[in-house]
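The values are calculated or read from the model by the stated rules, or taken from the named source; none is laboratory data. Here the structure is a predicted model, which means the values were calculated and not measured. Cβ: placed from backbone, ideal geometry, glycine included. Neighbour counts: every protein chain shown. These area figures cover heavy atoms from the full protein model, side chains too; ligands, DNA and RNA do not enter into them. Shrake-Rupley method; radii C 1.70, N 1.55, O 1.52, S 1.80 Å.
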Amino acid sequence: MDRREAPDLGGAMRPLSLCLAVLAGLTLAVSPAAAGGRTVTLGMYVPASAFEGPSQRLAFATALADHLSAKVEGNTFVPKIYADASAFSAAAKRGEVQVALIDSTYAAARGLPFRAIAAATHVGSAQVSWQLVVGAGVTSMAELAGAVIAHPTIGAKDREFLEHALFANELGRSFATWSGAPNPSSAATMVGVGKAKAAVVPVGTKLPAGVRALLELESAPLPMLAVVGGLGNSEISAIASAALSFSRRDLIDGFKPPAEGRHGELVKRLASRKRSPVFASMKSSRLSVAPLLANRRFAIEPTEILRVARPVADDEGGGKTRR
Amino acid sequence: MRRRDGRLLLLASLLLAVPLLSVLGAPAPAHAQRADDETDVLVSAARAAIARADYDQAANLLDRALALNPRRIDAYVLRATVLGVRGQNVEAVALLRRAQTLAPTNGDVLAALGAKLVAAGEPVAGLELLEQVVAREPRRYEAHAVLAVEFRRLGDHPRAIASLQAYLAARPASLAGRDRFYRLGLAESLLRSGEPAKARDLYLEVLLDDPTHPLARLGRAWATAALNCRLAMGMLRELGDLVDEVPAIELVRGRCALRLGRTTEGLALAKSYLGRDPSGAEGHALLGEAELASGNIKAALGSLARAAQAAPDNKNYLLALARAERQNGDPASAAKRLGATEPPAERRVEWTVELAEALTATERSDEALALLEPLRSSEADDARVFAALGLAAVALAKPAQAIADLSRAHELAPDDTRIKGPLAILLREAAAEALRTGDLATARARLERATAAVPDADSFRTLAAIALALGDARAALGPAEAASALVDDPVTLHVLARVYQALDRDTDARRTFAAASSSKRPLSRSSRDALAIDQAAFELASGDAVAAVEALAKVAADKQPSSRVTEALVVAARAAANDDLARGEFSTALRQLERAHDKLAVNAPGMLRDALECDLALAATGAGDRKRAQALLRSLAKRRASCELAPPADTVAVAILDTWVGGMVLSRAKAALKTLDSLGRKATGPARPLLDIAARDIAHRAAASSFDQGAWRAASDYLELAARYGKLSAEEQHNAAVVELALGKTVSAISQLERLTREVPEALLNLGIAYENRGDQVRALDYFERAAKAKLRHPGLAGWIAAKRRIWGGP
């Protein structure tokens, strides 16, 4: 197991922040696939995706880079995997990454600073459901009050993602203690080893023995392929087009054009939707003005009957006699 | 009857033999001659020879007697008789003249001489002599017999009738067996003299003795035809066995058929008759009249012209021809033709009337009147005369005279369409004139007479309207229904609906108004407007203001509806909105009133506009349409308009509403409430509730706005202020609890909200939130679900329920 991605489970559990600090800045460099032409760095930051481990991530990144290299003429795509948000963010700022596969949750938490050009899919869907997994003996959400609940660290607004987006504001702020893990598998493992009573992970995460799903939570978009910077429109268009033809039997098995508004919706869900009491409008019947209108009489003056019976000369008159 | 009829000629010839037969059958004269025995023997033998028709022997014996005794007068008479039998009338006259010389006053001689003079071709002398005889000896029946035959031959039927009646009265019983002959003659003369009833009785007497007697059958049918064509038709048909001998049967049948209006039958009989006698004038005349009756005037003219040509002296044909000419549009020719000829005595009136009509048609009505005036008194019971007088008066533009004369004609001939039509038209015009002057009673009387003459929808409809205008709805019903039975036009249905309405037959009125308004027949705009207005007036009076608005919708949709329509629409819309306003359904009232306001013309009467806009302002204020209400109130205030509200609200309403609308904005709520406080001094009586409502609404809106801004305390204060203007409503109490909830007083809020869940559905939602705040997810879910079941509209509620069920468990 690659320590840069595996949870530190040795001895007493270290604080999550310390683990993240160890991993910061470490990347898995991969040699260019072909010499000559322009080199495009394909970054990959997907901590909330349910890849089983670094090798699976690397294999996926390599396959995607190869595909794009093959499809986008004159460009060689080099995969670069980031294990924490700050490393990815810093690389992006420095212009080291031009295009990246990023967790949608992270992008949304950052306010969508990157331009999405394709949405990852699994079995045709660009969404993935999240779930609450528990160890033996837990049968309801209420039993988790005050407990530690593990989750994959997203890199920004983790709590908002969990409480607002996944639990729909149903949990009070002090309902449980959230404990971050480097990825979904690590979060699930924390339950398996008793370091957490439950974990919130995407569906598809391999669960350790004795850990089972208790609740299905809200869903969230799968990772997005986004332009980080340094690409012209034609290249962006070529990459987006090339991504659509990517296919692989994996956690992500393809791409489709990004659905408009889907990521924006996630941004909104991150905000607190506090349930506020509402005023009742005054029924208009309470504003009865009936006393003012009493004794009103309405009448229309009928037409003078002789004028009805004998229309004026320019009228057509009485019609034809029925025979 | 035709003089040339074969049977009658035969009868006439038989009658000429009457003197001979009567003499033969008569007893010897009373004054016996003194003669010798031989003369007596000879005369007696001669009588016996005559009796056995041995005239040669009789002549011989009588010649011998006269030779023995030249003064034997009876022998002269007998000898003259024998000469007559042999046709030697001149010789008989000469012989009798000798006898007259011997006995100048002898009645037998004079009677025989008279008869022989007639037979010898000297009728004038013969008749004169015979008349002297009967004058001196009225019971000299043989003289009467000869006179009767001769008068009949001369066509002098009145004198023939007198002679025949005298004969029948005087003849000896021994001659009774020959009475049938004289009765038939008498019947024919009576018939020809215009006494068909008496003639028919005589024919019937004959038929009692001999039901198959052809002449009597013929005569009875003829006489009956003169009396009653309907009765005669059967008899005439039964004369089929005589038609070949007497073709005139077809003529009489044809005329009767025409008189009965059986034009086709008349045509067929005329043609059949013409087949027997192609050149006969009577056939062409009958055909012409049949063609005239069938409307084929051109053909009639041809036929009648042929009849007139064939019998130029027949004035009947001239008359018929002239009538056809007039009807063919050539009254001038008709007038000329009739004016040039003296009318026949028996058809003088008809002739004069026809000439007058022709003159009227050629704009010579004065001449027509001059011709007709003398007949006014002499023919006081002749409808034709008064009809012609009336028509001439019409042409001379004397409607009153025309009505009087045509009315008299109509009285005399109630079924005559030539009279009824013009009379009805005149009466209708006269009624219209009376209506123009406002004389409803006269107009009504005239129209009643007009409809009695010719039922017509317009007149019935007007009659109904007059009766309604006179307040007599019961009397209006008959004419109104009669009119609608004749026509199905919307105007007539409109009048009928008004009659039903006046009779409180609302269901019928509604149905009839609906039928009128859905009629596909064309209707002028003013009639269409009147119909819609009256339908709306009816619905409004029935208490259905919405139906009244609907009734006006179609005409109000015109690009520029008439002012009457707009005014009616305003009234109906205000009435419909009035109920909505009273129920507090301000938005509905607003929509209703706005539709009417859209149609209000710029120059609409001020009071109408003020009333509508006042109601609109009230509705807009109640509905919370601040912008609209302000615009209206500003306009009303500028015009210093008073509203149609119970005083003193009529004068202070605009100010109260204006303050109300102004105070709907939070920033102005306090100032508005202060203004209302100051207006409170004026707002007494029915105005007070308006002020209270305004103040409460302002305070409540301010509370809501404050709450939305998170100013819980301010919201609470405003709600307390609202309570000053009346008991807090359930909503206001609820909102006070909501403020407490927001302020964190959850327990108190829950307690109050739970009391209000029935009246205020929002309480359920707020209770859910309150329990959620307390961490009681189960009760929170329960209240959310109850809120949803109460159909409370809240954008997040369905999602909340779903999330709660998913996370905390539930059904």
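Here are some notes:
To keep it simple, each residue is scored yes or no on (1) in contact with a Pro (Cβ under 9 Å, 6 or more places away or on another chain); (2) at pLDDT 85 or above; (3) open to solvent by 40 Å² or more (accessible area, probe 1.4 Å).
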site	(1), (2), (3)
B:GLU567	yes, yes, yes
B:ALA577	no, yes, no
B:LEU581	no, yes, no
B:LEU590	no, yes, no
B:MET607	no, yes, yes
B:ALA611	no, yes, no
B:LEU616	no, yes, no
B:ALA619	no, yes, no
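- Among (1) under 15 Å from A:ILE300 (Cα atoms); (2) in contact with a helix residue (DSSP H, G or I) (Cβ under 9 Å, 6 or more places away or on another chain) - the single one B:ALA589 does not satisfy: (1)
- Total residues in the stretch B:129-180, condition without any contact (Cβ under 8 Å) to a residue 12 or more places away in the chain and farther than 27 Å from B:ASP210 by Cα: 2
- Any hit, the stretch B:553-564, residues being at the interface with chain A (Cβ under 9 Å from one of its Cβ atoms) and not aliphatic (A, V, I, L, M): yes
- Within the set A:GLY155, A:GLY95, the sole residue that is over 21 Å from A:PRO221 (Cβ atoms) and either open to solvent by 10 Å² or more (accessible area, probe 1.4 Å) or not basic (Lys, Arg) (or both) turns out to be A:GLY95.
- The single residue among B:ASP692, B:ASP677, B:ASP650 that is within 26 Å of B:ASN735 (Cβ to Cβ) and within 13 Å of another protein chain (Cβ to nearest Cβ) turns out to be B:ASP692.
- Test: B:GLU585 is within 30 Å of B:LEU632 (Cα to Cα), open to solvent by 40 Å² or more (accessible area, probe 1.4 Å) and within 12 Å of chain A (Cβ to nearest Cβ): yes
- Lone unmet requirement of (1) over 24 Å from B:ARG364 (Cβ atoms); (2) assigned to a helix (DSSP H, G or I) for B:ASP313: (2)
Results for (1) small (Gly, Ala, Ser); (2) more than 7 Å from chain A (Cβ to nearest Cβ); (3) more than 18 Å from B:ALA553 (Cβ to Cβ), shown as yes or no for each residue.
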{"site": "B:PRO479", "(1), (2), (3)": "no, yes, yes"}
{"site": "B:SER484", "(1), (2), (3)": "yes, yes, yes"}
{"site": "B:LEU496", "(1), (2), (3)": "no, yes, yes"}
{"site": "B:SER519", "(1), (2), (3)": "yes, yes, no"}
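- Scanning the stretch B:592-605 for residues that are charged (D, E, K, R), open to solvent by 50 Å² or more (accessible area, probe 1.4 Å) and more than 47 Å from the chain's Cα centre (by Cα) yields a total of 1.
Matching residues to (1) out of contact with any helix residue (DSSP H, G or I) (no Cβ under 7 Å at 6 or more places or on another chain); (2) of a type in the set (Lys, Arg):
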site	(1), (2)
B:LEU657	no, no
B:ARG668	no, yes
B:LYS674	yes, yes
B:GLY680	no, no
B:GLY685	yes, no
B:ARG688	yes, yes
B:ILE693	yes, no
B:ARG696	no, yes
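- In the stretch B:731-765, the residues that are farther than 20 Å from B:ARG696 by Cα, of a type in the set (A, V, I, L, M) and more than 7 Å from every other protein chain (Cβ to nearest Cβ): B:LEU743, B:VAL747, B:ALA749, B:ILE750, B:LEU753, B:ALA763, B:LEU764
- Given (1) facing chain A (nearest Cβ under 8 Å); (2) more than 19 Å from A:PHE167 (Cα to Cα), number of the condition B:GLY775 does not satisfy: (2)
- Here A:ARG273, A:ARG296 are screened, and the one residue that is farther than 30 Å from B:ALA576 by Cα and of a type in the set (Lys, Arg) is A:ARG273.
- Selected residue (criterion: nearest to B:ARG461 (Cα to Cα)) from residues of the stretch B:398-439 that are of a type in the set (Val, Ile, Thr) and surrounded by fewer than 16 Cβ atoms within 10 Å (Cβ to Cβ): B:THR437
- None of B:ARG505, B:ARG525 is of a type outside the set (Gly, Ala, Ser), within 16 Å of B:ALA556 (Cα to Cα) and more than 8 Å from chain A (Cβ to nearest Cβ) except B:ARG525.
- Among the residues of the stretch A:98-143, those identified as of a type in the set (A, V, I, L, M), surrounded by fewer than 20 Cβ atoms within 10 Å (Cβ to Cβ) and over 14 Å from the mean Cα position of the chain (by Cα) are A:VAL123, A:ALA136, A:VAL138, A:ALA142.
Here is a yes/no grid of residues against (1) under 23 Å from B:GLN733 (Cβ atoms); (2) modelled with pLDDT of 90 or more; (3) open to solvent by 50 Å² or more (accessible area, probe 1.4 Å); (4) of a type in the set (S, T, N, Q):
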site	(1), (2), (3), (4)
B:SER748	yes, yes, no, yes
B:GLU754	yes, yes, yes, no
B:THR757	yes, yes, no, yes
B:PRO761	yes, yes, no, no
B:LEU764	yes, yes, no, no
B:ASN773	yes, no, yes, yes
B:ASP782	yes, yes, yes, no
B:ARG793	yes, no, yes, no
B:ARG806	no, no, yes, no
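- Within the stretch A:158-183, being open to solvent by less than 40 Å² (accessible area, probe 1.4 Å), more than 14 Å from chain B (Cβ to nearest Cβ) and more than 20 Å from A:HIS263 (Cβ to Cβ) holds for A:SER179, A:GLY180, A:ALA181, A:PRO182, A:ASN183.
- Filter result (within 8 Å of another protein chain (Cβ to nearest Cβ) and of a type in the set (A, V, I, L, M)) within the stretch B:441-470: B:ALA457, B:ALA464, B:ALA465, B:ILE466, B:LEU468, B:ALA469
- Single unsatisfied condition, B:THR659 versus (1) closer than 26 Å to A:LEU292 by Cβ; (2) crowded, with 23+ Cβ neighbours inside 10 Å; (3) within 12 Å of another protein chain (Cβ to nearest Cβ): (3)
- Of the set (1) open to solvent by less than 30 Å² (accessible area, probe 1.4 Å); (2) outside any helix (DSSP H, G or I), all apply to B:PRO278 but (1).
- Looking across the stretch B:445-472, just one residue is closer than 14 Å to B:LEU427 by Cα, open to solvent by less than 50 Å² (accessible area, probe 1.4 Å) and of a type in the set (D, E, K, R), and that is B:ASP456.
- When the criteria are applied in full, B:LEU616 meets the requirement of being touching a His at 6+ places or on another chain (Cβ under 7 Å) and either farther than 20 Å from A:SER281 by Cα or free of Cβ contacts under 8 Å to residues at least 12 places away in the same chain (or both).
- Helices (runs of 4 or more DSSP H) lying entirely in the stretch A:196-307 (those with 2 or more residues that are facing chain B (nearest Cβ under 8 Å) and buried (at least 20 other Cβ atoms within 10 Å of the Cβ)): A:290-293
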